[in-house]
Amino acid sequence: MTDPQIVLTERVQQALARAFGQEHADADPLIRPSQFADFQANVAMSLAKRLRRAPREVAEAIKTELSDFPGTIEVSGPGFLNITLDDSWIESEATRMLADPRLGVGTITPSQTVVIDYSAPNAAKEMHVGHLRTTIVGDSLARLHEHLGNTVIRQNHLGDWGTPFGMLIEHLLEIGEEAAVAQLEAGQGTEFYQAARAKFDSDDAFRQRARVRVTTLQSGDAETMRLWHVFMDATVRYFNKVYQLLGVTLTDADLAGESMYNPMLQKTCDDLEAAGTAVISDGALCVFPPGFTGSDDKPLPLIIRKSDGGYGYATTDMAAIRYRVHDLKAERILYVVGNEQALHFRMVFAAARLAGWLPDSVSAEHVQIGMMLGKDGRRFKTRSGESVKLMDLLQEAVDRATAAIADRGYDEATTKEIAHAVGMGAVKYADLSVSHDSEYVLDFDRMISFTGNTGPYMQYATARIRSIFRKAGVAPAEATGPIVLAAPAERALGLQLLGFGELVSQVTTESEPHRLCNFLFQTASLFSTFYDECPVTKEGVDPETRQHRLALCKLVLDVLEKGLDLLGVPVPERM
Ligand code: ARG
């Protein structure tokens, strides 16, 4: 383990055990970054109270036990331990990290099976910006878990079933299969839906046919199922175009839409009813998980079968959670879904625990996604008040990226390639860099900017390191250690890099990709300072120094590239 904070924690804990007895071996040494040293340990103050001794005396005792520590320790103030690591320790750890293909990132043992439910657009409607964030955050979580050695099962819980499909299929028949497919593949699902809806509202005969169609669909009639497949396949082809554009790792193998659970719904209800977990209330079959009450103080129902006998969103989610635990053998399930569904998921999880379908050993977590807002602070919409098409938004990002790099003199093909990476990188990074449960303002000017905590800035930082290597006439792979940290800016950068492995683990466990963004941003900023203060390729830099600095550059490059890869942000070779 290279992370200085972890190393310190362990060392101080050992010192505590030696000085005050084994019972203190697990005490939190309260290691924090310090203004006066690399870190400070604040444990002496809290421990002194318990031991009824003077804090400074306790601090001195800890210090004595740390005499073999690779750094200097000073007792200051009321009993802080100010800790400064030896340069040689940071250097040898950084050199080791450079030679480590995993860059100090560990693997989780034992590894877990993690089901990640994300993206999940609705087929009857256009995939809109709201699904963008769950797609991007979910995909990053999938990449992170896989990198730590977990088995990830992606589940794209498409909205591909329900009563609207009656009118959608009837509309498809009226305009002809070919025309319908073309429209859906082109991403005009909303227009398709609206046209069907308009007829449903105004034309009695159409409405009648649509209703009959719902019944034949539910009964599994072969021709109706074929038409449903025509509709769905075209829609999924469009979703796949979006995923491909975004560089999202979802494939058809990850499709597990609502329709997949149809054959399980009756049994889901029967089993819950037979076990007494669900009861009939006002004609509907409901689970009343303890602890949920409505505004009237009455227990709140999770309705799993409506009074007309129909199944709903909650029924499917009850079937899905059982399937994920029982069949997929999930040990952890992440639902990356908008925060407006928080109550739904709390109730589903509670109901599943009640039913015994979600044992305590399995954690189910709603990774809440905050709403995307326009610059006006309202829900992101077009001028005319419609929700914004994802494709239009992505196209705008690419257009803006193209404009931003227009003056760089690249040929058309290269410009296209870079603009694509910059545009997608900007959108994705903007989504990821804000804590996933906060609202987030979609602001093109900000996200496409080459300064600040943005995708283009991070991409630029990596491209700049690559260009240093080009200037040096050295391939990055040829830059090897040792890393030597002579200047303060080098030392600060080295110390920062050592935290990468532990940070990646934490970010994964806590589902917080935005902290990885912060880390990479800090790293890029420290790199910038380093590069200002420590010339690498300039004339007059002695060959040895140059080699040490190139090695440090290489480690930064590796960390930035790996970090961006884990976020799913593409990195163009040059910018
Ligand atoms: N299709 C749903 C929506 O757009 C999201 C589904 C999330 N996953 C789930 N298991 N309910 O709101």
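The values are calculated or read from the model by the stated rules, or taken from the named source; none is laboratory data. Everything numeric in this text was worked out from a predicted model, so none of it was measured. So basically every Cβ, Gly included, is an ideal-geometry build from the backbone, and we count neighbours across all protein chains shown. The protein model used for the area step is the full one, side chains on, heavy atoms only, and it has no ligands, DNA or RNA in it. Shrake-Rupley method; radii C 1.70, N 1.55, O 1.52, S 1.80 Å.
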- Where the centroid of each part is defined by its Cα atoms, how far is the range 1-44 from the range 265-339 in Å? 47
- Roughly what % of DSSP beta bridges within the chain run antiparallel, to the nearest 5? 50
- Query: Where the centroid of each part is defined by its Cα atoms, how far is the range 368-430 from the range 161-211 in Å?
  - Reply: 30
- Gain upon complete extension [A25, I6; 0.36 nm per residue less C-alpha separation]: 5.4 nm
- When the charge dipole of the chain is computed with +1 at the Cβ of Lys and Arg and -1 at the Cβ of Asp and Glu, the Cα pointing farthest to the positive end, of V105, F39, V398, is that of F39
- Residues in the range 463-490 reached by a label modelled at T451 [backbone nitrogen below 20 Å; 7 Å Cα→Cβ]: 463-465
- With the other protein chains left in place, how much accessible area per residue, in square angstrom, belongs to the range 519-575 at a 1.4 angstrom probe? 41
- Mind listing the long-range amide H neighbours of V441? Cut-off is under 5 Å, sequence gap 5 or more, other chains count too, H placed in the peptide plane at 1.01 Å from N. L373
- Query: With each pseudo-label sitting 7 Å past Cα toward Cβ, what's the E365-E396 distance in nm, one decimal?
  - Reply: 3.3
- Taking the dipole of the range 98-191 about the Cα centre (Lys, Arg +1; Asp, Glu -1; charges at Cβ), the one of L148, V137, A180 that reaches farthest to the positive side is L148
- Message: I need to check one value: relative contact order of the chain, counting alpha carbon pairs closer than 8 Å and at least 6 residues apart, in percent.
- Response: 16
- Find the eigenvalues of the gyration tensor of the Cα atoms of the range 34-110, then list the square roots of 5 times those eigenvalues as equivalent ellipsoid semi-axes, largest first, in whole angstrom. 31, 16, 10
- Task: May I ask for the longest run of the chain untouched by GluC sites (Glu not before Pro) that are loop-located per DSSP and have at most 11 neighbouring C-beta atoms (other than their own) within 10 Å?
- Result: 1-509
- Message: Under 19 Å between alpha carbons, and skipping anything fewer than 8 positions from K329 in its own chain: which aspartates and glutamates qualify?
- Response: D117, E146, D254, D317, D360, E365
- Query: Taking the Cα centre of the chain as origin and charging only Cβ (+1 Lys, Arg; -1 Asp, Glu), how large is the dipole, in debye to the nearest 20?
  - Reply: 540
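If I compute solvent accessible area with a 1.4 Å probe over the protein chains, what percent of it on the range 121-213 is carbon and sulfur?
C and S atoms contribute 50 percent here.
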- Task: Convert each backbone phi in the range 197-211 into a coupling constant with the Karplus relation 6.51 cos²θ - 1.76 cosθ + 1.60 (shift: θ = phi - 60°), then list the ³J(HN,Hα) values in order as whole Hz, x for Gly and Pro.
- Result: 4, 4, 5, 4, 7, 10, 10, 4, 5, 4, 4, 4, 5, 5, 5
- Message: For a test of the definition: using alpha carbon positions, the gyration tensor, and the 1.5 limit on a/c, classify the chain as rounded, prolate or oblate.
- Response: oblate
- Query: Using the beta-carbon distance between I108 and R32 and R0 = 30 Å, what value does 1/(1 + (r/R0)^6) give for FRET efficiency, to the nearest 0.05?
  - Reply: 0.70
- Item | Under 26 Å from the Cα of K554 - lysines, other chains or at least 8 residues apart | K428, K471, K538, K562
- Which residues' amide hydrogens lie under 5 Å from the amide hydrogen of I31, considering only partners 5 or more residues apart or on another chain, with H built in the peptide plane? N42
- Using amide H atoms built 1.01 Å from N in the peptide plane, name the residues 5+ places from T113, or on other chains, whose amide H lies under 5 Å from its own. T151, E331, R332
- Hey, what angle do you get for helix 543-567 against the long axis of the chain, alpha-carbon based, 0 to 90 degrees rounded to 10? 20
- Those aspartates and glutamates that a straight Cα-Cα span of less than 13 Å connects to K306, excepting residues fewer than 8 apart in one chain: D282
- Would you mind telling me the share, in percent, of accessible area of the range 446-505 contributed by carbon and sulfur at probe 1.4 angstrom? 60
- Query: Simple spin-label model, 7 Å along Cα-to-Cβ: S528 to Q266 in nm?
  - Reply: 6.4
- Residue span R379 to D542: 0.36 nm per residue of separation minus Cα-Cα distance leaves a gain in nm of 53.0 nm
- Query: Using Cα atoms only, what is the angle between the long axis of helix 500-509 and the major principal axis of the chain, expressed in degrees (0 to 90) to the nearest 10?
  - Reply: 30
- How much area per residue is accessible in the range 136-280 when the probe is 1.4 Å and only protein heavy atoms are counted (Å²)? 42
- Nearest 10, in degrees from 0 to 90: the angle of helix 412-432 to the longest Cα principal axis of the chain is 90
- Calculated from DSSP helices alone, with each H run of at least 4 adding -39500 (n - 2.57) and the total divided by the residues of the chain, [θ]222 nm to the nearest 500 comes to -17500 deg cm²/dmol
- Query: Averaged per residue, what accessible surface does the range 1-118 expose to a 1.4 Å probe, in Å²?
  - Reply: 50
- Message: Between Q244 and E478, what's the calculated FRET efficiency when r is the beta-carbon distance and R0 is 35 Å? Round to 0.05.
- Response: 0.55
- Task: Give me the percent of the accessible area of the range 319-384 that comes from carbon and sulfur atoms, probe 1.4 Å, all protein chains in place.
- Result: 48
- Among T268, H171, L227, the residue whose Cα sits farthest towards the positive end of the charge dipole of the range 169-290, when +1 is placed on the Cβ of each Lys and Arg and -1 on the Cβ of each Asp and Glu, is H171
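What size of dipole, in debye to the nearest 20, comes out for the range 38-93 about its Cα centre when the only charges are +1 on Lys and Arg C-beta atoms and -1 on Asp and Glu C-beta atoms?
The calculation lands at about 720 debye.
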- Starting from the Cα gyration tensor of the range 398-504, take the square roots of the eigenvalues, sort them a ≥ b ≥ c, and report rounded, prolate or oblate (rounded when a/c is under 1.5, otherwise prolate if a/b is larger than b/c, else oblate). oblate
